[in-house]
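See structure below.
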Amino acid sequence: MNFHVLTLFPEMIENGMNTSITGRAITKGLLTLEAVNIRDYAFNKHQKVDDYTYGGGAGMLMQAEPVYLAYEAIANRTAKKPRVVYLTPQGQVFNQAMAREMAQEEDLVFLCGHYEGIDERVLEEIVTDYVSIGDYVLTGGELPAMVMMDSISRMVPGVLNNQESGETESFAGNLLEYPQYSRPEEWHGKKVPEVLMSGHHANIEKWRREQSIYRTAKRRPDLLKKADLTNKEWNYVRQ
Ligand code: SAM
């Protein structure tokens, strides 16, 4: 999986991604990361990339040409025309299913806006996916791009080792994960549930499934509607 990021702040992407699990995956060659500075494609005296918006209004807009040239420099090297994700609060809200689907791509280009955003004309020419990370406005697309790359990376075979396996995590089967505990057995007067120390695997599995359902019903009832529950489990939730 090759990540290409078009940004005005490449150091932000490089520092963030070359850390922890994604950093290890890059070192191992399971992922590659290229942060392209859009400013390098602004061929004017001060490498200026933004200008006033036509029609007036507050703030500056990133201009079309440097973004386009930076994109072309990547697209000329990829095996096929790459998918280009523009991070924008106006996009479809990112979720685990999108991460899973995008992890199938060989190359993904992330376009990070700044200031008031980017000239619409270049977006029309190069963007294939408009993606938001939530209904709020950030100062730039770098954090959203890192959120997406982190989550997509976890779907790439070999990135997570067995201990970090994502198979039983939240959103698998549209349920949230069950509560978890580590040592000591008692902390601040709170004991680890007896069943988890019983060594009885079937009972532990049953308890975890029930807790997942309970938790999802309480915190994310919208997800539960899409979960695959038995009639018995539905009755249990309704109690
Ligand atoms: N004027 C734009 C609007 O109202 O839709 C917002 C521009 S925002 C200040 C600057 C940049 O941050 C955007 O171009 C985008 O790349 C990024 N951004 C801000 N909020 C985001 C979000 N919720 N999800 C993804 N990207 C976001």
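List the number of the failed condition for residue 175; all other conditions in (1) free of Cβ contacts under 8 Å to residues at least 40 places away in the same chain; (2) in contact with a Ser or Thr (Cβ under 6 Å, 6 or more places away or on another chain) hold.
For residue 175, the failing item is (1).
Determine, yes or no, whether residue 39 is basic (Lys, Arg), modelled with pLDDT of 95 or more and touching a strand residue (DSSP E or B) at 6+ places or on another chain (Cβ under 8 Å).
No, not satisfied.
For residue 147, work out the one condition from (1) touching a helix residue (DSSP H, G or I) at 6+ places or on another chain (Cβ under 8 Å); (2) in the same structural domain as residue 83 (by TED's automatic domain parsing) it doesn't fulfil.
Single failed check for residue 147: (1).
Which ones in the range 1-21 are over 19 Å from residue 84 (Cα atoms) and touching a Lys or Arg at 6+ places or on another chain (Cβ under 9 Å)?
Listed by number, the list holds a single entry, 21.
Quickly run through the range 115-149 and pick out the residues that are more than 6 Å from the ligand (Cβ to nearest atom) and within 19 Å of residue 105 (Cβ to Cβ).
Matches in the range 115-149: 126, 127, 128, 129, 130, 131, 145, 146, 147, 148, 149.
Conditions first: (1) in contact (Cβ under 8 Å) with a residue 24 or more places away in the chain; (2) not assigned by TED's automatic domain parsing to the domain that holds residue 117. Residue 138 passes all but one, so which condition is the exception?
The failed condition is (2).
Just to be sure I understand the filter: pairs with C-beta atoms under 7 Å, separated by 6 or more residues or on different chains, first member in the range 39-55 and under 18 Å from residue 11 (Cα atoms) and polar (S, T, N, Q), second member modelled with pLDDT of 95 or more and not in a loop (DSSP other than H, G, I, E, B). Which pairs pass?
47/39
Which one of 56, 29, 113, 91 is closer than 30 Å to residue 174 by Cβ and either in the same structural domain as residue 137 (by TED's automatic domain parsing) or of a type outside the set (Gly, Ala, Ser) (or both)?
None of the other options fit; the residue is 91.
Within the range 174-210, count every residue that is loosely packed, with under 14 Cβ neighbours inside 10 Å, charged (D, E, K, R) and under 30 Å from residue 98 (Cβ atoms).
Here the count works out to 1.
Determine whether residue 86 is under 17 Å from residue 142 (Cβ atoms), aromatic (Phe, Trp, Tyr), touching a Phe, Trp or Tyr at 6+ places or on another chain (Cβ under 6 Å) and modelled with pLDDT of 95 or more.
Yes: the conditions hold for residue 86.
Filter the range 100-114 for residues that are crowded, with 20+ Cβ neighbours inside 10 Å, away from the ligand (no atom under 14 Å from the Cβ) and more than 30 Å from residue 223 (Cβ to Cβ) and give the result.
Answer for the range 100-114, where residues must be crowded, with 20+ Cβ neighbours inside 10 Å, away from the ligand (no atom under 14 Å from the Cβ) and more than 30 Å from residue 223 (Cβ to Cβ): just 107.
The values are calculated or read from the model by the stated rules, or taken from the named source; none is laboratory data. Just so you know, these numbers come straight off a predicted model, no measurement behind them. Heads up, the Cβs are rebuilt from the backbone with ideal geometry, glycines too, and the neighbour counts pull from every protein chain shown.
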